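Data first, discussion second: the structure below is written as structure tokens.
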Amino acid sequence: MRGTRVNVVSDVHGNVRDLATAGDGADALICLGDLVLFLDYADHSRGIFPELFGVANADRIVALRTARRFEEARELGRRLWTELDMDRETAIESAVRKQYAELFAVFPTPTYATYGNVDIPALWPQYARAGTTILDGERTEIGGRVFGFVGGGLRSPMRTPFEISDEEYAAKVLALGEVDVLCSHIPPDVPELTYDTVARRFERGSPALLDAIRRTRPRYALFGHVHQPLVSRMRVGATECVNVGHFASTGRPWTLEW
């Protein structure tokens with residue numbers, strides 16, 4: 001007798017082609033955010049930034065960010081926007097809307113999704129179809145198991161669109177209570193799970209998620225955000241913590257069956 005199968009993706013970053021088949025063979029698709037592609041660090045010709053400012057400037061800003069010269073990167077960005085002579089918010093929103101229209105159109109039914117740190121939550125309800133459920137600080141049941149969702153990221157030097165305070169994030173985690181599967185965009189605050197081996201830096205992980213894992217002992221904690229983690233899967237107490245992968249580059253969902 002067949003049980004329940006859920007496919008999980010995170011860090012889609014504009015990969016419409018593979019997203020269209022990510023739910024194949026599953027009872028549901030879960031998306032853990034970062035649908036938008038601002039800048040592809042592997043291919044600097046892709047994303048909103050090079051579309052607006054060209055590949056040469058994308059090369060420059062990636063080099064500065066990789067060297068952790070964040071203030072210089074921000075200054076370059078400010079100068080480029082001034083030279084472009086275009087309202088920043090209008091230009092970005094227009095580009096994001098185009099990507100969202102394509103991405104949400106290929107979500108299967110049912111899809112359960114939460115936001116990543118580069119997403120713009122206010123736009124999601126305008127593109128989510130009837131079969132897509134958006135959850136943030138909320139729970140739902142899939143195949144008899146309770147899934148809790150926490151969206152967004154924590155404040156960082158990158159200053160991405162949906163970064164919130166530790167306190168606001170912790171409140172959303174607390175609101176979930178006990179769940180079987182804890183779903184978030186960012187990982188719990190465990191060094192092995194937050195270190196990116198290519199970027200050679202620690203990303204922000206959530207202490208509140210780690211506390212909830214230790215306190216409520218979900219079966220699984222699923223997340224993304226760290227594209228090339230030092231460790232993609234490890235156990236914290238009774239909980240299997242899994243980075244479901246950088247979908248933009250792999251094109252493959254991670255599968256949970258029971």
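The values are calculated or read from the model by the stated rules, or taken from the named source; none is laboratory data. Keep in mind the model is a prediction, meaning the values are calculated, not measured. Every residue, glycine as well, gets a Cβ built from its backbone with ideal geometry; the counts of neighbours run over all protein chains shown. In case anyone asks, the SASA skips ligands and DNA or RNA and just uses the protein heavy atoms, side chains included. Shrake-Rupley method; radii C 1.70, N 1.55, O 1.52, S 1.80 Å.
Data table
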| read-out | value |
| --- | --- |
| Residues satisfying the stated conditions in the range 21-37, i.e. open to solvent by 50 Å² or more (accessible area, probe 1.4 Å) and either charged (D, E, K, R) or touching a residue at least 12 places away in the same chain (Cβ under 8 Å) (or both) | ASP24, GLY25, ASP27 |
| Residues that are farther than 25 Å from THR250 by Cα, of a type in the set (D, E, K, R) and not in a helix (DSSP H, G or I), drawn from the range 30-78 | ARG68, ARG69 |
| Selection count where residues are in contact with a helix residue (DSSP H, G or I) (Cβ under 9 Å, 6 or more places away or on another chain) and not in a loop (DSSP other than H, G, I, E, B), scope the range 212-232 | 5 |
